[in-house]
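First comes the structure, then the notes that go with it.
The values are calculated or read from the model by the stated rules, or taken from the named source; none is laboratory data. If you're wondering where the values come from, they're calculated on a predicted model, not measured in any experiment. Counting neighbours? That spans all protein chains shown, and the Cβs are built from the backbone with ideal geometry, glycine included.
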Amino acid sequence: MIKIKKYIQLGGMIFIGVLCLTSCKVKRPDTILSDAQMEAVLYDYHIAKVMGEQLPYNENYKRALYINSVFKKHAITEAEFDTSMAWLAHNPEVLRDIYEKINKRLKAEKENIDNLIAIHDNKPKESKAGDSINVWAWQEVYQLTGMPFDNKMAFNLPSDINFQNRDTLRWNMRFHFLGGKATKDSLYQPVMAMQVYYEKDSIVNTVRRIQHSGEESISLWADTLGRIEKIYGFVYYPRQLSGNQTLLIDKVSLMRYHAKDSLATDTIEKIERPATPVLGKTKPTLKKSPIRPLRQPVRQ
């Protein structure tokens, strides 16, 4: 009997909970647009308002046309829109959820527009913040034939506020030799090169010849040269002596890694890095700590 009473009590509690949830749920009149409808309408409505605000004074009459086009697109009247907005004003939780979705859509649309503008102007948009970010701002697939005006791909990336001192830059891509194998003659092998320009005219650079198909990457960094100003890189494909061989490049990325440690200040030992030849006024040197590794293993 005790067990039966417990089950009856538990069932009663569940029933009461269901009733509470049902009663707390906001009842929407049939004349009010659904959340999905209001999200779609408000998204277009705010875009139309911004467009109208950008019009010159002598074209202010077009503002009403922009708003009416939104109502026409969604097959509603202005009265239906106003009624729905009035109901939502008395149910702020519902309106808040709708605007959270709208803000996400507007943010994504802004990123797409920024990217299109960057491509049109051949300029990269501002990179994202973070320790391991792909800052490549252009297409990921290229095809070079070795013919004039079709034998080189290059980029020039200025730094922005999300770059830090001692960043490591790693340029990655995959090569495919179409129509034959890579030549063994170094004079006709593709060349992959990258340079990082620092303040005070210091430059760190490296060059690599591509001898076979597959993925390749080159990395550059400097611990004592200060602020990065820009990164420049190119792939040059010389014209081949025979055949119609094409070089296909894909999976292009440029990774930026922030240093996760700090330079030791209690030692004066300095070493040079022969793997990254340097041109300019200052040679890159670093202070080596005998206690902990200089950097995280993010380099090639």
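Details
- Within region 130-163, tally of residues that are of a type in the set (S, T, N, Q), surrounded by 14 or more Cβ atoms within 10 Å (Cβ to Cβ) and not in a strand (DSSP E or B): 4
- Going through (1) at pLDDT below 80; (2) not in a loop (DSSP other than H, G, I, E, B) one by one, residue 72 falls short only on (1).
- Residues satisfying the stated conditions in region 32-70, i.e. touching a helix residue (DSSP H, G or I) at 6+ places or on another chain (Cβ under 6 Å) and free of Cβ contacts under 8 Å to residues at least 40 places away in the same chain: 44, 45, 48, 51, 52, 55, 63, 66, 67, 70
- Any chance residue 197 is of a type outside the set (S, T, N, Q) and under 25 Å from residue 259 (Cα atoms): yes
- Scan of region 79-92 for residues that are in a helix (DSSP H, G or I) and surrounded by fewer than 12 Cβ atoms within 10 Å (Cβ to Cβ), ordered by number: 79, 82, 86, 89, 92
- Test: residue in region 26-46 that is at pLDDT below 85, within 30 Å of the chain's Cα centre (by Cα), in a helix (DSSP H, G or I) and exposed (fewer than 11 other Cβ atoms within 10 Å of the Cβ): no
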